[in-house]
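Enquirer: Okay, handing you the structure first.
FYI, it's all coordinate maths here, none of it is from the lab. All values reported here derive from a predicted model rather than from experimental measurement. Cβ placement follows ideal geometry from the backbone for every residue including glycine, while neighbour counts extend to all protein chains displayed.
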């Protein structure tokens, strides 16, 4: 008998789909993403040089804290920040749009199929159904994916709603009058728990590497400003 799918099975299914889509897109976007990431880092370094250079000049001139605060709004620094923002947008725009479009197609096609779910959902034994238990129509399925954007725009609070029982409905489930059910209420298989653990470890390591890189770039900018 089908039971409401809880948060972690749903997350595991989504992450499997995300890994599949990323693997498909990687050969086409990796070169572009690498070049744009290098340009983004250079814009970040340029912004740091402007900031610490301005800060050093104010300190040498004996500026007060108010002078330092006012200097943060100077045109040179603002131009550096604007260039950094533009580089960030350029880096993320195409990959995010491509990822979103392919995920949308994958989910619409999967949920309209006889399996009523994407490959990730199939692997976890999940199905998307209308409130009456039937397969959702095409318009409802597309609407569900569009409503899913709101779950992202709420900083994933819409997705987190799936952790709340007894129905475990995410925001986009509620908006589209659908729900996700699981063929079994048994605990997650060991391989699924392992998959989630690997993601958590990878996210922690990538976060540490990112902050380490940013700290190294900031330290180098300070040393350049000090001469």
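Enquirer: Quick one: if the Förster radius is 35 Å, what FRET efficiency do residue 156 and residue 226 give, using the C-beta to C-beta distance and rounding to 0.05?
Expert: 0.25
Enquirer: Taking the 0 to 90 degree range and rounding to the nearest ten, how far is the long axis of helix 138-153 tilted relative to the main principal axis of the chain, both from C-alpha atoms?
Expert: The helix 138-153 is inclined about 30 degrees to the chain.
Enquirer: Another one. Ignoring everything except DSSP H segments at least 4 long, calculate the 222 nm mean residue ellipticity for the chain; use -39,500 (n - 2.57) per segment, divide by total residues, nearest 500.
Expert: Using -39500 (n - 2.57) per qualifying helix, the result is -25500 deg cm²/dmol.
Enquirer: Taking neighbour counts of Cβ atoms within 10 Å as a proxy for exposure, in what order, fewest first, do 17, 46, 75 appear?
Expert: Placing the least packed residue first, the sequence is 75, 46, 17.
Enquirer: Treat the count of other C-beta atoms within 10 Å as a stand-in for reagent exposure and order 113, 176 from fewest to most.
Expert: Final ranking by Cβ density, sparse to dense: 113, 176.
Enquirer: Counting other C-beta atoms within 10 Å, which of 184, 100, 178 has the fewest, and how do the rest follow?
Expert: 184, 100, 178
Enquirer: Follow-up question, since we're still on this one. Select from 83, 39, 203 the residue whose mean-square fluctuation is largest in a Gaussian network model of the chain (Cα-Cα springs shorter than 10 Å).
Expert: It is 203.
Enquirer: Please work out the C-alpha center-to-center distance from region 71-98 to region 204-227 and express it in whole Å.
Expert: Taking the Cα centre of each part, region 71-98 and region 204-227 sit 19 Å apart.
Enquirer: Pull out a ≥ b ≥ c, the square roots of the eigenvalues of the alpha-carbon gyration tensor of region 104-227, then state rounded if a/c is under 1.5, prolate if not and a/b is larger than b/c, and oblate in the remaining case.
Expert: Judged from the Cα gyration tensor, region 104-227 comes out prolate (a/c at least 1.5, a/b above b/c).
Enquirer: What area, in nm² and to one decimal, does the C-alpha convex hull of region 3-222 cast on average over all directions?
Expert: If I average the Cα hull's projected area over directions, I get 15.4 nm².
Enquirer: Pick from 41, 111, 60: which is most flexible by mean-square fluctuation in a GNM of the chain where alpha carbon atoms under 10 Å apart are linked?
Expert: Largest GNM mean-square fluctuation: 60.
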